[in-house]
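Student: Just passing along the structure, written as structure tokens.
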Amino acid sequence: MPTRATVLITFEGPDGSGKTTQFTEAVRYLKTSGFKVLPIREPGGTPAGEAIRTVLLHEANMVAKTELLLFMAARAENYHTVIKNAFGEYDIIISDRSIDSSVAYQGFARGIPVEEIKWLNRFSTSGITPDVTYLMDLETPLAALRMKDDLDRMEQEGLAFQEKVRQGFLQLAREEPERFVVIDGNLPVDECSRAIREDMNRRFSEF
Ligand code: TYD
């Protein structure tokens, strides 16, 4: 496969929306299509990021600002070690969550001003933004039904919190219709995958 420039793809969505299933399928599809693909996840992806992930998802409670800064710290580590070096080396970097999760969860749901979070995102990534973001969208009560028993801190927040997260993501998608592709999580898994595949093929047809 000829390489033009490295593309950065992110997958976003509330807990239980089917995001990770679609992310995994997209990675498989892109790899079997012959692309050199680097899958990453947030928070995590680096030794420091994985340690931060454990604190964030499983340790005692913390105030919203601490939580936000820990997500940002994991992001800064990821972007400045893994992602920055992968530009030019890989065809596609594909991330399970990134900047938009902070805006949806810590901004729209926790109530930290969104503009401050967007500034911190720019700071943490040095301004690198995704080329395309696939947003898995599903009614909050249905998403809640799909969550497993072993819930992490964010998943335990309840329906009202998850609904704010969902509305936050949808607002971001309305603000940037070129970057966001909203996928209806009510569709069967295969149909969601097909919609994503078709969009990627259309977008990156010059590859
Ligand atoms: P994870 O186990 O990766 O869940 P998922 O499979 O849903 O991605 O947990 C990540 C959790 O952290 C998830 O509830 C979303 C949340 N999160 C934030 O609140 N802010 C962020 O910036 C990021 C990246 C994730």
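Student: Would you mind telling me the share, in percent, of accessible area of the range 46-102 contributed by carbon and sulfur at probe 1.4 angstrom?
Tutor: It is 60 percent, rounded to a whole number.
Student: Of all beta bridges DSSP finds with both residues in the chain, what is the antiparallel percent, to the nearest 5?
Tutor: 0
Student: Here is a follow-up. Determine by what factor the alpha-carbon radius of gyration of the range 86-207 differs from 2.2 N^0.38 Å, reporting the quotient.
Tutor: In units of the 2.2 N^0.38 Å rule of thumb, it is 1.14.
Student: Among the lysines, select those whose C-alpha is under 25 Å from the C-alpha of Lys31, and discard any that sit fewer than 8 residues away in the same chain.
Tutor: Lys19, Lys84
Student: Compute the Rg/Rh shape ratio of the range 142-185: radius of gyration over Kirkwood radius, all on alpha-carbon atoms.
Tutor: Taking Rg over the Kirkwood Rh, I get 1.05.
Student: In terms of the Cα gyration tensor, with a ≥ b ≥ c the square roots of its eigenvalues, is the range 105-147 rounded because a/c is under 1.5, prolate because a/b exceeds b/c, or oblate?
Tutor: oblate
Student: When the convex hull of the C-alpha atoms of the chain is computed, what volume per residue in Å³ does it have?
Tutor: In the chain, the Cα hull volume divided by residue count equals 114 Å³.
Student: Count charges around Arg179 for me, please; just the other residues with Cβ under 14 Å from its Cβ, Lys/Arg as +1, Asp/Glu as -1.
Tutor: Net of charged neighbours comes to -4.
Student: Specify the residue with the greatest mean-square fluctuation among Glu25, Glu59, Glu50, computed from a Gaussian network of the chain linking alpha-carbon atoms under 10 Å apart.
Tutor: Judging by the Gaussian network model, the answer is Glu59.
Student: Among Met154, Met72, Met136, which one moves the most in a GNM of the chain with springs linking Cα atoms closer than 10 Å?
Tutor: Of the options given, Met154 has the highest mean-square fluctuation.
Student: For the range 39-116, take the convex hull of the Cα atoms, compute a quarter of its surface area, and give me that in nm², please.
Tutor: Approximately 5.3 nm², given one-decimal rounding.
Student: Just grab the label-to-label distance for Glu59 and Lys118, each label 7 Å out from Cα along the Cβ direction, in nm (one decimal).
Tutor: Here the modelled spin labels are 3.1 nm apart.
Student: Here's a follow-up. Can you tell me the accessible area per residue over the chain, all protein chains present, probe 1.4 angstrom, in square angstrom?
Tutor: Here the per-residue accessible area is 48 Å².
Student: For the pair Asp190 and Arg146, what calculated FRET efficiency results from E = 1/(1 + (r/R0)^6), where r is the Cβ-Cβ distance and R0 = 22 Å, to the nearest 0.05?
Tutor: After rounding to 0.05, the efficiency reads 0.85.
The values are calculated or read from the model by the stated rules, or taken from the named source; none is laboratory data. Because the structure is predicted, anything quoted here is derived from the model rather than measured. Please note: Cβ atoms are built from the backbone with ideal geometry, for glycine as well, and neighbour counts cover all protein chains shown. What goes into the accessible areas is simple: the full protein's heavy atoms, side chains included, and nothing from ligands, DNA or RNA. Shrake-Rupley method; radii C 1.70, N 1.55, O 1.52, S 1.80 Å.
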